Amino acid sequence: MNNLVGKTEEQPQDELQLVAFFLQGEEFAVDIQKVREVLKLPPITPLPQSLDFIEGVINLRGEVIPVLDLRKRFRLKDAAKGDKARIIIVEIEEGMVGLIVDSVTEVLHLNPSAIEPPPRRLAGTRPEFISGVGKLGNRLIIILQLEKILSTEEQLELEHLQLAEAERVALNR
Amino acid sequence: MDTSEYKDLFLAEAREYLQGLNIALLQLESDPANREVLQEMFRAAHSLKGMSATMGYQQLANLTHQMENVLDFLRQGSLRAKRDVANILFESLDLLELLLGRLDEPAACLEQVDRVVGKLRAACDGSMEEAGLVGSAADGDTLLLDEFEKEMLRAGCAGGERARHLEVVLDASCLLKSVRAYMVFKLLEKFGHIVKAVPGTQELEEEQFEDRFQLVILTQTADETIRAELLQIAEVADVLVRDVPEMVAPSAGLEPAKVRKVELVSETAISQEEVNGERRNIRRAAEKTIRVETDKLDKLINLVGELVVNRTRVVELGRIDVAAELVSAVEQLDRITTDLQSAVMKLRMVPIKQVFDRFPRMVRDLSQEKGKKVNLEIRGEETELDRSIVNQIGDPLVHLLRNSVDHGIEPPGVRVQSGKPEEGTIILEARHEGSYVLIRVSDDGRGISAGEMLKKAVEKGLLSSAEAQRISEEEALRLIFRNGFSTAEQVTDISGRGVGMDAVKTVIESMNGSVEIKSSPGEGSRFYVRLPLTLAIIKALLVEVAGEIYAIPIESIRENLYVAPQDIKTIRGEKVINVRSEVLPLIYLGEMLGMKTDSSEEILSVVVVEAADRKTGLVVDVLLGQQEIVIKSLSRAVEGIRGVAGATVLGNGRVALILDVSSLI
């Protein structure tokens, strides 16, 4: 992690810096500003009766931090976690949360002009989780936004309905 | 000046002063002649005024200034602490509290402040009329010349000089007050010499005065010349030149315009002395205590918690290794860590006084409102408890006390008829008992009758009449803590605020505490609240379920049992066991938590837990043993999981969940 962060210092300001990772063959990325560190998988204590995508809690230097499995969150195929699996610790409104991913690749520098708005549905993930799609050479990178990552399906569904309703009202006017 | 960073500090200190004022005022009410208390109140009000003005809280400054005036009159004896005055002061304190809560809205409560300030002014005016003469009474205090100074003045006067009393007023915005004072001194030396300065030269140098100081000089120069010359100095707002009272027979007719001035003079002169004394006190206190942000403290405690956990691990390793030196080093580490832990835990401890202090006022208001006479006796207020418990125990105690005033203590007439003293007594007592704190709330009121409790319970359908027959007296009294039970005939403003006794019990149990009641009709009731000393570290039993380790707080465990399969019976489809003729429902913890378990064990390990008066057997896979654990809250992202109270980190670095027994069973 230290190496990853170290590289970022000299870059021009307007470039976005993202931590890129793989999830079922697709390339994703999150804003480096939200990332605290990247860990190998520590032992995870399961949390009974919690949301299904919550894998459990881990001990990060004395702090108890919830961890969620991004594959489960995005309704991807469940797979055994290999050697390359990592936990990306991110800071969101609710506090620190760990995200389990297949592997972490690098820190990317993206020009904002190379980022396009999100399509409506992509790779089974909900549009709420995506802030855009970045193009780097012939790579397509799905850039995540983490604000709603802990919302339940019901909450998201409700927001959808409200949004659709608002659109309908706007169209009828 | 940007003062926002001092706001929290200001608030904390202001609240302390306010609390002190409340207590002192109560004391004053019962002992109006107590000058020491008055002195203390005056100082507190004065400090509050100063602080508020510095921070730019005009409303607060205005209010406290008027309070200070009233207290000053009380202190001088020109106003008596009658009930109406006390009530005005209580009203001011309430308003102060309100203002402290709304510091960010400077315009809030303007009207109320005006109204209360008006009342305070009126109280002062009344006192002035009572005292008859304002000027002379106040004047006497302004200057106290010792014999040496008087001798100097007499000698000077004999030599053709005149003794003059100067009061120099500086601009309120003056920044370098000591420099201005120095310039005044320098200038006056041209005209004569300075016999006395109030406050003294030392204090003037240290800027320990507000906007004015007084001097006595010997001079031959005319008053007007001196005045004009002094006014040339920048930031000197006004100079008053007067006769020195000791040297001249007091002139009978001071001009009306000056009367007010004189009154102010006396105030500043006296408060100056007091402020100096008080500053010394504060300095002395400052050496003994420092203020630390609770966040920092919590972090330290958290780290020590980690250390304690790791110590356990090292100690265990030390037992395996045979090297004698390592063993003794580990023992040493063990001792030091234990000491460190207890020292750090003490940092979290605060006296329960913080909570108790607000009760005398509450009981006073309440009993007045209810037309009852109640004496609240507080004992053991120095007893120390964990800060987080002190923060939470307030509301349950408020309810118990309200209950005692409202339902326990009878009206004076009834009391006299039943041969009791007219004034009822409520005793609030705290004391240490092992690793617990016991808080007792007892009253000598009408008490609670077990028979009536049972009748009510049956009426409300909480009990069948058959059950009511079997129930013991103790159990009957405990019905008061049941949900949906209230003994009061009508819901009153006081005890009917939605917080029932069941809520009291719930809050106390959530802190791993317990509450008991004892009562005898006609003689009064006693409530016993038992609380752990700390919430941060608890003793817990570690158990294994489906390969995961869980911690069960010892406080809720009654016993551990091994149960053979044939001893498990089924009643209405639910599995139960019979323990000493008590039928306990069984809960398979693994199933309950939704884990896959293969309970192929022949003999079941059962932990008997109790919460909310219900005992239940929890079936676990393995009993691992007892350990001190540090409680960590679960992240907001996953909080509120039923059955889980928090988490802890075990010696091997893994997280174990702490079970919340009351929500499990």
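With the Cα gyration tensor of region B:294-348 giving a ≥ b ≥ c as the square roots of its eigenvalues, does the rule (a/c under 1.5 for rounded; else a/b larger than b/c for prolate; else oblate) give rounded, prolate or oblate?
The shape class here is prolate.
For peptide B:35-42, compute the average count of partner chain beta-carbon atoms within 10 Å of each residue's beta-carbon.
If you average over the peptide's residues, the count of other-chain Cβ atoms is 0.
Loop-only trypsin sites (Lys or Arg not before Pro) in region B:537-581, please: DSSP not H, G, I, E or B, and at most 15 other Cβ atoms within 10 Å.
Loop-located and lightly packed - B:572, B:580.
Please arrange B:185, B:356 by counting, for each residue, the other beta carbons lying within 10 Å of its beta carbon, fewest first.
Fewest-to-most ranking of B:185, B:356: B:185, B:356.
With the cut-off at 21 Å, tell me which of the pairs B:353/B:632; B:82/B:420; B:539/B:632 have Cα atoms farther apart than that.
Check vs 21 Å cut-off fails for B:353/B:632; B:82/B:420.
Determine, from the Cβ-Cβ distance of residue A:14 and residue B:299 and an R0 of 30 Å, the FRET efficiency 1/(1 + (r/R0)^6), rounded to the nearest 0.05.
That gives a FRET efficiency of 0.20.
Please name whichever of B:87, B:30, B:117 sits farthest to the positive end of the charge dipole of region B:4-132, dipole taken about the Cα centre and charges placed at Cβ: Lys and Arg +1, Asp and Glu -1.
B:30
Tell me, A:148, B:353 in order of fewest to most beta-carbon neighbours within 10 Å?
A:148, B:353
For region B:526-655, build the charge dipole from Cβ charges (+1 Lys, Arg; -1 Asp, Glu) around the Cα centre, then report which of B:576, B:626, B:647 sits farthest towards its positive end.
Comparing the listed Cα positions along the dipole, B:647 ranks first.
Decide, for region B:392-434, between rounded, prolate and oblate: order the square roots of the alpha carbon gyration tensor eigenvalues as a ≥ b ≥ c, take rounded if a/c falls under 1.5, and otherwise choose prolate if a/b is larger than b/c, else oblate.
Cα axes put region B:392-434 in the oblate bin.
Measuring from a point 7 Å past the Cα of residue A:163 along Cα-to-C-beta, which residues in region A:13-49 have an amide N at less than 14 Å?
Flagged as within label range: none.
What is the distance, in nm, between label points placed 7 Å from the Cα along the Cα-to-Cβ direction at residue B:379 and at residue B:452?
Once both label points are built, they end up 2.6 nm from each other.
To the nearest 20 debye, what charge dipole does region B:294-348 have about its Cα centre, counting +1 at the Cβ of each Lys and Arg and -1 at the Cβ of each Asp and Glu?
Using Cβ point charges on Lys, Arg, Asp and Glu, region B:294-348 gives about 260 debye.
Provide B:46, B:407 in ascending order of the number of other Cβ atoms located within 10 Å of each residue's Cβ, fewest first.
With the fewest neighbours first, B:46, B:407 line up as B:407, B:46.
Give me the distance in nm between label points sitting 7 Å out from Cα along the Cα-to-Cβ direction at residue B:151 and residue B:229, one decimal.
Between residue B:151 and residue B:229, the simple spin-label model gives 2.8 nm.
For residue A:116 and residue A:22 in one chain, what is 0.36 nm times their gap in residues minus the Cα-Cα distance, to one decimal in nm?
Full-extension gain reported as 31.9 nm.
Once you charge only the Cβ atoms, +1 for Lys and Arg and -1 for Asp and Glu, what is the size of the charge dipole of region B:537-664 about its Cα centre, to the nearest 20 debye?
Dipole of region B:537-664, to the nearest 20 debye: 300 debye.
What is the calculated FRET efficiency for residue B:327 to residue B:112, with r their C-beta to C-beta distance and R₀ = 51 Å, to the nearest 0.05?
0.15
Applying 1/(1 + (r/R0)^6) with R0 = 41 Å to the Cβ-Cβ distance of residue A:79 and residue B:615, what FRET efficiency is obtained, to the nearest 0.05?
Step by step, r from the Cβ atoms, then E = 0.35.
For region B:4-132, rounded, prolate or oblate, judged on the Cα gyration tensor with a ≥ b ≥ c (square roots of eigenvalues), a/c < 1.5 rounded, else prolate if a/b > b/c?
Prolate.
Any read-out appearing in this document is the output of simple, stated calculations on the displayed coordinates, not a laboratory observation. Just so it is clear, the structure is predicted and the values come from calculations on it, not from any experiment. Reconstructed Cβ throughout: ideal geometry from the backbone, glycine too, with neighbour counts over all protein chains shown.
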